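First comes the structure, then the notes that go with it.
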Amino acid sequence: MQVKKDIKSLTLEELKKELAARGEKAFRAKQMYEWMHVKLAEGFEEMTNLSKSFREQCGEWYTYTSLKAVQVQESRIDGTRKYLFELSDGNVVESVWMKYKHGNSVCISSQVGCRMGCRFCASTLDGLERNLLPSEMLDQIYAITRLTGERVSNVVVMGTGEPLDNYDNLLQFLQILTDENGLNISQRNITVSTCGLVPRMRQLAEERLQITLALSLHATTDEKRRRLMPIANKYSIEELMDACAYYFSCTGRRITFEYSLVGGVNDTQEDAEELIELAKPLCCHVNLIPVNPIKERDYVQSDTRHIQGFKNKLEKNKINVTIRREMGRDIDGACGQLRRRHTKETASYKQDEI
Ligand code: SAH
């Protein structure tokens, strides 16, 4: 049996070719693309300016992904909303909606689960289930736009999964997301976060996109990094820094270093000094994240004094640094916690009505 094509993962050009091969005129593709990526239709049946028979045929030819919101949590502190979405195969992914002064930001997942094994991260505890399709990454943004009724201006690929481990789908997703015929989100308003897959970072650099690359560094020596992140056994910090410099030289985009502060592990003044040495030669920005403890591991957050001391040291050395606001701290804020709780808990768990 022939596998049906996933229509929402096609670029406009691909869709034109696809429908042309079925004898359809080019404007049909344009209309359909607009339904999918501007009007954010949830199925062919909503595309009312296309004939019923054509919509029905499309249903036979193609799959049309859409997400079902199964749970939403809203932070009482800052209004951040965390959504748990069910995919067509019953898997669930989480996405976060954050309201900032400069606009609305959505943090999306790129995979169901993750195989990178970072020790402090809840998303990886059960390994990788599967990659998300480009359409399923788009759907998270589209569903949130529909549910909130507000435009999304920024997208961060920082939810569950390692985006560069799902490279081709990520690029296809970025192309459609930034297409002027679709939601038309500016490349500069998109951040992709990686645990540091060096060959893929270099490949991404060569795409010469204007997106921000964030590197989850979290430690300043290979030895310390290996204790937190298994990927550090494969790529050294030296290779990572070279890849970051290469990304900057190809794109002109400043790199973000993410550094989760874990009490007693990577938060000393010596760590700060080493981080300064790494950051200085690069055009970068350091984002300090107080680690969000997960119950499966015994890591604790650095205390406020250590966090502030760490930041001050960087600032004194003219490193551009911010402490990430802990959005939605009261709603299972850490990556993968909501999904994991949903998957693990008994059916008696009370879900919020949507
Ligand atoms: N795989 C990608 C993107 C997903 S994780 C990456 O590694 O960058 C997004 C960010 O959250 C990463 O910097 C990750 O290291 C961090 N993170 C994961 N779990 C965390 C936790 N419990 N506390 C603080 N930061 C965490």
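The values are calculated or read from the model by the stated rules, or taken from the named source; none is laboratory data. Keep in mind that what you see is a predicted model, and the values were worked out from it rather than measured. Glycine also receives a Cβ, built like all others from the backbone with ideal geometry; neighbour counts cover every protein chain displayed. Note: accessible area is taken over every heavy atom of the protein model, side chains too, but ligands, DNA and RNA are not part of it. Shrake-Rupley method; radii C 1.70, N 1.55, O 1.52, S 1.80 Å.
One residue stands out in the stretch 187-203 among those that are more than 16 Å from HIS285 (Cβ to Cβ) and surrounded by 21 or more Cβ atoms within 10 Å (Cβ to Cβ): the one that is nearest to the ligand (Cβ to nearest atom), namely CYS195.
Taking the stretch 268-299 as the range and being within 11 Å of the ligand (Cβ to nearest atom) and open to solvent by 30 Å² or more (accessible area, probe 1.4 Å) as the test, the residues that pass are ASN292, PRO293, LYS295, GLU296, ARG297, TYR299. What's the number of the only condition in (1) more than 16 Å from the chain's Cα centre (by Cα); (2) within 15 Å of the ligand (Cβ to nearest atom); (3) open to solvent by 10 Å² or more (accessible area, probe 1.4 Å) that THR256 fails to meet? Condition (1) is where THR256 drops out. Scanning the stretch 248-267 for residues that are in contact with a helix residue (DSSP H, G or I) (Cβ under 8 Å, 6 or more places away or on another chain), of a type outside the set (Asp, Glu) and closer than 17 Å to VAL300 by Cα turns up TYR259, LEU261, VAL262, GLY263, VAL265, ASN266.
Contact map, the stretch 192-219: first residue under 19 Å from SER105 (Cα atoms) and hydrophobic (A, V, I, L, M, F, W, C), second residue open to solvent by 20 Å² or more (accessible area, probe 1.4 Å) and more than 8 Å from the ligand (Cβ to nearest atom), Cβ cut-off under 6 Å, separation 6 or more or different chains; pairs are ILE211/GLN187; ALA214/THR191; ALA214/THR256.
Residue count for the stretch 105-131, restricted to those that are within 11 Å of the chain's Cα centre (by Cα), within 13 Å of the ligand (Cβ to nearest atom) and open to solvent by less than 10 Å² (accessible area, probe 1.4 Å): 4. The set of residues in the stretch 75-101 being over 19 Å from the mean Cα position of the chain (by Cα) and either modelled with pLDDT of 95 or more or loosely packed, with under 15 Cβ neighbours inside 10 Å (or both) consists of ARG76, ILE77, GLY79, SER88, ASP89, GLY90, LYS101. Filtering the stretch 27-45 to residues that are open to solvent by less than 60 Å² (accessible area, probe 1.4 Å) and closer than 24 Å to THR178 by Cβ leaves ARG28, ALA29, GLN31, MET32, TYR33, TRP35, MET36, HIS37, LEU40, ALA41. So, of the residues in the stretch 132-170 that are within 16 Å of the ligand (Cβ to nearest atom) and touching an Asp or Glu at 6+ places or on another chain (Cβ under 8 Å), which turns out to be least open to solvent (accessible area, probe 1.4 Å)? Ranking the qualifying residues of the stretch 132-170, first place goes to THR160.
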